[in-house]
Amino acid sequence: MKRKDTAKCRNVWCEIDSVFCKGDVNVSKVVACYKWVADEADLRIDADLSVDFSRVKGKISDYDKNAIAEAVNIATAWGEKAVGLTFGTAKAKQSVKDALSRGLEEGYWINADEAADADGAAVAKALAAVIQRIDDVGLVVCAEGASDTFARQVPSRIGAVLDWPVVTSVMKIEIAGNGLMTVRRLDDCMQTVKVQLPAVIAVLPEINTPPIPGLKAVMAAAKKPVHEFKGGDLGINFTPKTKAVEFKGYVMARKNVIFKEGEAADKVRELAAALRKEGVL
């Protein structure tokens, strides 16, 4: 592995040029991993701050739509095929047609009741197990995180299982020979990373604007092949090591301090004094 690091001051630009020696890769498929999540628009918060899921419908995670779109863009540029892969309960089957209408050529669905409580480790193992069963995969594209938990674990865990390099927080991708040149957005700089394939890429929402499927694409999706895997056939222990024990709504407590009396200048002085008292100024 060749590695060259250069970094300037904070908030400027840093660059890493990394070449991962993985040998020649026969790429014919780009896999887009996505998750079927609860639509947050349907959530209701009760008076006791408990979360009411009773009327919630499902959808493809908004961030995963970016991953699907980018996988399709890359596969199109290569003249290859983009396929979708999801892990979920029987309800996740609804996602397959939607995913295929977004430009994917095939759908892969892992049907497992255990998916409802699976943690990031189990999800990554399941996805990686099916990726290994798909011929000639050269690239896996994921979102940085799902719109329900945003745990940001699955892409890196998939790479660990497959022993492939992983690049996260990607906001731009360019094809560079037998690899990709990616731009990452970090807290205080931008970072350029060159990676050879096969690899796992986790993309940020700003990487693209996912198109809305038209009627023709939706109708064509119904004719595309779908491959179902049973969770029990993968030989994976789905018992989670972490578990969400409670969901509570969040309400921001406001002091509702209003300055009504006096001229505008007086109100500004009162506001500044109040903010200093709170330690804001």
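Every number here is computed from the coordinates shown, using simple stated rules; none is lab data. Quick caveat: nothing in here was measured; it's all calculated off a predicted structure. All Cβ positions, glycine included, derive from the backbone under ideal geometry; neighbour counts span all protein chains shown.
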Local net charge near ARG44, Cβ-Cβ under 9 Å (Lys/Arg +1, Asp/Glu -1): -2
Where GluC sites (Glu not before Pro) in DSSP loops with at most 10 other Cβ within 10 Å are excluded, longest remaining stretch of the chain: 1-245
With Cα atoms, 0 to 90° folded angle of helix 120-131 axis to the chain main axis: 30
Dipole axis of the chain (+1 Lys, Arg; -1 Asp, Glu on Cβ), positive-most option in LEU204, VAL154, ILE60: LEU204
Helix 62-78 vs. the chain, principal-axis angle (Cα, 0 to 90°, nearest 10): 40
Coil-residue trypsin sites (Lys or Arg not before Pro) of the range 173-227, DSSP, other Cβ within 10 Å capped at 10: LYS223
All-pairs alpha carbon distance profile, the range 150-281, 5 Å steps from 0, percent: 2, 6, 8, 10, 9, 10, 13, 10, 8, 6, 6, 5, 4, 2, 0
Computed [θ] at 222 nm, helices only, for the chain once each DSSP H run of length n ≥ 4 contributes -39500 (n - 2.57): -7500 deg cm²/dmol
Net charge contributed by nearby residues that have their C-beta within less than 12 Å of ALA273 (K/R +1, D/E -1): +1
Note, ³J(HN,Hα) from phi for the range 34-40, Karplus 6.51, -1.76, 1.60, rounded to Hz, x at Gly and Pro: 9, 10, 8, 10, 6, 6, 5
Percent of beta bridges antiparallel (DSSP, the chain, rounded to nearest 5): 45
Dipole magnitude of the chain, debye to nearest 20 (Cβ charges: Lys/Arg +1, Asp/Glu -1, about Cα centre): 240
Unit charges at the beta carbon, dipole of the chain: most positive-side option, TRP109, VAL195, LEU139: VAL195
For ILE207, net neighbour charge (Lys/Arg +1, Asp/Glu -1) across residues whose Cβ lies under 14 Å away: -2
Solution diffusion estimate, µm²/s, Stokes-Einstein, the chain, Kirkwood Rh from C-alpha pairs, 20 °C, viscosity 1.002 mPa s: 101
Karplus-derived 3J(HN,Hα), 6.51/-1.76/1.60, for each residue of the range 199-206, Hz, glycine and proline x: 8, 10, 10, 10, 9, 8, x, 6
